[in-house]
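Accompanying notes for the structure given below.
The values are calculated or read from the model by the stated rules, or taken from the named source; none is laboratory data. These numbers were taken from a predicted model, which means no experiment stands behind them. Every residue, glycine among them, receives a Cβ derived from its backbone with ideal geometry; neighbour counts consider all protein chains shown.
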Amino acid sequence: MDPRTPSSTETSTNASPADPVDRVIRYHDQTKHHFFRYARSLGHLDWANQPHPFRRFADAPFYPLPLLKPGEEPVSPAYEAMYRHGLIPPQPVTIRTLSRFLELALSITAWKRAGQTQWALRSNPSSGNLHPTEGYLVLPPMSGLSSHHGLYHYAPHDHGLELRAAFPAEDATRLLGALPPNACLLALTSVIWREAWKYGERAFRYCQHDVGHAIGAARIAAATLGWNLTLLDGTDQATLASLLGVNRDEDFTGAEREHPDCGAVLWPAGDVATIPLWLDPASVQALSGGRWHGQANRLSPEAPVSWEIIDDVAEATTKTSLERGSAMFSGHEPSHTPSGTLPAGPEAGTIIRQRRSAVALDGKTSMTAATFYRMLARVMPRVERQQSDRPMPWDTLPWDPAIHLLLFVHRVEGLTPGVYVLCRDPAKLPFLKQAMNPHLEWVLAPGCPEDLPLYWIMEGDAQRIAAQVSCHQDIAGDGAFSLGMLAEFEARVQSGAWWYPRLFWESGLVGQVLYLEAEAAGVRGTGIGCFFDDPVHEIVALKDHRLQSLYHFTIGGPVEDQRLTTLPPYTHLQHSA
């Protein structure tokens, strides 16, 4: 058999439907896991062709960022302080603050070693630790970087920035002129092959919730510096691709391509600001004609396996429309909290650096109801507020929430074990009830805060069913609780096929918040991408596409693998602060 051909006899010969929405639904249904049939993949791991985890652009000017120790300025605030609006004074945009931002958002946090094998962990988690997500920044001139405005690619292995293009000041000013002073642009792309190498057709899903994790990691890193971040979600993807140069064939000759996912504006909180949530195509086009630097490295020795259905869904979900919306953000409000009563506890940077994906849970650790409710409160976007007034990190997403949680509660003190639902938009409670089994009980969880719409719907030991529907993974039943993220699927996708990846972004952002909340509570979490889609739906009798499960998560007491050695992140580098 040709090693570049998927090892399955189930390759569809049907022509893809022309309508983008139909193509998205076809992809989603075809890539579901079932009890007796998993979504298609190669069926084995081709270790000789495993893609390299670090992208570099050969011959691009490289600017090392200072390696800052945890206690060096800028020091991150207490973890709890990030959730107090206006408490953290905004830091200026400098080479040091950018270094800290990227360290907490996208950098290596540790190396793991088992025998002769070594691999990196990062601030932003990833399915299978394969890290398809690449980060880019559009920055103004500053000491330590180019004397021009420029587009930079972040290289996490070497904690530095590669200059991809220098922009004329007049053109860059035209692009950034409507944004607050000292604003930067952050953009994310996906090397889909990194996930497809292992996960086959399901890889597009995993890349997109990895983007959601990266959005969350970036927003939280920005909060530690008193910065804001919001998606420029009105931008069409052709404009984004042009800005990032990922559409330049000459720069990717023989190299795996990158899929343009999203762009965001990043700025220090100052005065009240109205942020346009889009980039002007003409201004971007003017920039794209300048001088570009660097040639993308090839990640795998041999050509990637081609998955036509991934190419098709990537095309179908391309956002071609430009939406000229805006959002108003309030400025920094100096805290009136008396000295000495600021939030205590571990620094945000400490929690972020220690975050790990649990590989096993002990099946014994419980948590208090107060801790459980606090975790759930952190994933509530407070939809009744305007975008800019929503709690961090939910002020990043310029849409009302589309993700609700189906929770399997195993060991939470004071709560009856069973199945619960968290309605993240209280106005959607009738919709959720109507979509699920009409005979379910909907009882508010005892002792939960008044503004937390958490409902008990089924009583009983849910450990076995949680593990079964999570591809028979014990970790889903061994935690204090686990959950599936149910997306308002059909209505969102029918309004635009480009909604499909955004549903995963939101689910990834939920996961990122839960990762850090677990660490702050002294336990550990992990995302679960492998689950049996329709059996999850059958638990609450979902019969159609109104709600679909996109991502699972579990939290509990970790079991550490004593065979692994943990090493510091950047001992291989010499540049310092």
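Gly496: surrounded by fewer than 23 Cβ atoms within 10 Å (Cβ to Cβ) and small (Gly, Ala, Ser), yes or no?
For Gly496, the condition - surrounded by fewer than 23 Cβ atoms within 10 Å (Cβ to Cβ) and small (Gly, Ala, Ser) - is met.
Looking at (1) assigned to a strand (DSSP E or B); (2) buried (at least 24 other Cβ atoms within 10 Å of the Cβ), which is the only condition Thr566 fails?
Going through (1) assigned to a strand (DSSP E or B); (2) buried (at least 24 other Cβ atoms within 10 Å of the Cβ) one by one, Thr566 breaks only (2).
Kindly provide the set of residues from segment 469-504 that are out of contact with any strand residue (DSSP E or B) (no Cβ under 8 Å at 6 or more places or on another chain), closer than 19 Å to Lys319 by Cβ and of a type outside the set (D, E, K, R), ordered by number.
Once the filter is applied, which keeps residues that are out of contact with any strand residue (DSSP E or B) (no Cβ under 8 Å at 6 or more places or on another chain), closer than 19 Å to Lys319 by Cβ and of a type outside the set (D, E, K, R), segment 469-504 yields Ala491, Val493, Gln494, Ser495, Gly496, Ala497, Trp498, Trp499, Tyr500.
Residues checked against (1) touching a Leu at 6+ places or on another chain (Cβ under 6 Å); (2) closer than 26 Å to Trp119 by Cβ; (3) not aliphatic (A, V, I, L, M):
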| site | (1), (2), (3) |
| --- | --- |
| Pro535 | no, no, yes |
| Ala541 | no, no, no |
| Leu547 | yes, no, no |
| His552 | no, yes, yes |
| Gly556 | yes, yes, yes |
| Arg563 | no, yes, yes |
| Tyr570 | yes, yes, yes |
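Taking only segment 402-444 into account, find how many residues are surrounded by 21 or more Cβ atoms within 10 Å (Cβ to Cβ), in contact (Cβ under 8 Å) with a residue 40 or more places away in the chain and in a loop (DSSP other than H, G, I, E, B).
Result for segment 402-444: 5.
Criterion first (modelled with pLDDT of 95 or more, touching a His at 6+ places or on another chain (Cβ under 9 Å) and among the hydroxyl-bearing types (Ser, Thr, Tyr)) does Ser495 satisfy it?
Answer is no for this residue.
Could you check, for segment 506-515, whether at least one of its residues is touching a residue at least 24 places away in the same chain (Cβ under 8 Å), more than 24 Å from Leu429 (Cα to Cα) and in the same structural domain as Pro438 (by TED's automatic domain parsing)?
yes
Here are some residues: Asp451, Asp478. Which one is over 24 Å from the mean Cα position of the chain (by Cα), closer than 29 Å to Gln354 by Cα and in contact (Cβ under 8 Å) with a residue 24 or more places away in the chain?
Asp478 is the lone residue from the list that is over 24 Å from the mean Cα position of the chain (by Cα), closer than 29 Å to Gln354 by Cα and in contact (Cβ under 8 Å) with a residue 24 or more places away in the chain.
Only one residue in Gln574, Gln548 is at pLDDT 95 or above, out of contact with any His (no Cβ under 6 Å at 6 or more places or on another chain) and more than 30 Å from Thr368 (Cβ to Cβ). Which one?
Gln548
Among the helices (runs of 4 or more DSSP H) confined wholly to segment 248-361, which include 3 or more residues that are modelled with pLDDT of 95 or more and either of a type in the set (Lys, Arg) or crowded, with 21+ Cβ neighbours inside 10 Å (or both)?
Because the criterion is at least 3 residues that are modelled with pLDDT of 95 or more and either of a type in the set (Lys, Arg) or crowded, with 21+ Cβ neighbours inside 10 Å (or both), the helices (runs of 4 or more DSSP H) in segment 248-361 that meet it are 308-316, 348-354.
How about segment 69-151: which strands (runs of 3 or more DSSP E) wholly inside it have at least 1 residues that are over 26 Å from Ile528 (Cα atoms) and touching a Gly at 6+ places or on another chain (Cβ under 7 Å)?
133-139
Among residues belonging to segment 167-190 that are in contact (Cβ under 8 Å) with a residue 24 or more places away in the chain and among the charged types (D, E, K, R), point out the one that is farthest from Ala327 (Cα to Cα).
Going through the qualifying residues, I end up with Asp171.
In segment 555-563, is there at least one residue being under 30 Å from Gln494 (Cβ atoms), at pLDDT 95 or above and not in a loop (DSSP other than H, G, I, E, B)?
Within segment 555-563, none of the residues are under 30 Å from Gln494 (Cβ atoms), at pLDDT 95 or above and not in a loop (DSSP other than H, G, I, E, B).
I'm trying to understand the selection: among the residues of segment 462-508, which are in a helix (DSSP H, G or I) and under 14 Å from Gly525 (Cα atoms)?
The answer is Ile475, Ala476, Gly477, Asp478, Gly508.
Restricted to segment 30-59, and to residues that are assigned to a loop (DSSP other than H, G, I, E, B) and charged (D, E, K, R), which residue is surrounded by the fewest Cβ atoms within 10 Å (Cβ to Cβ)?
Only one residue fits best here, namely Asp59.
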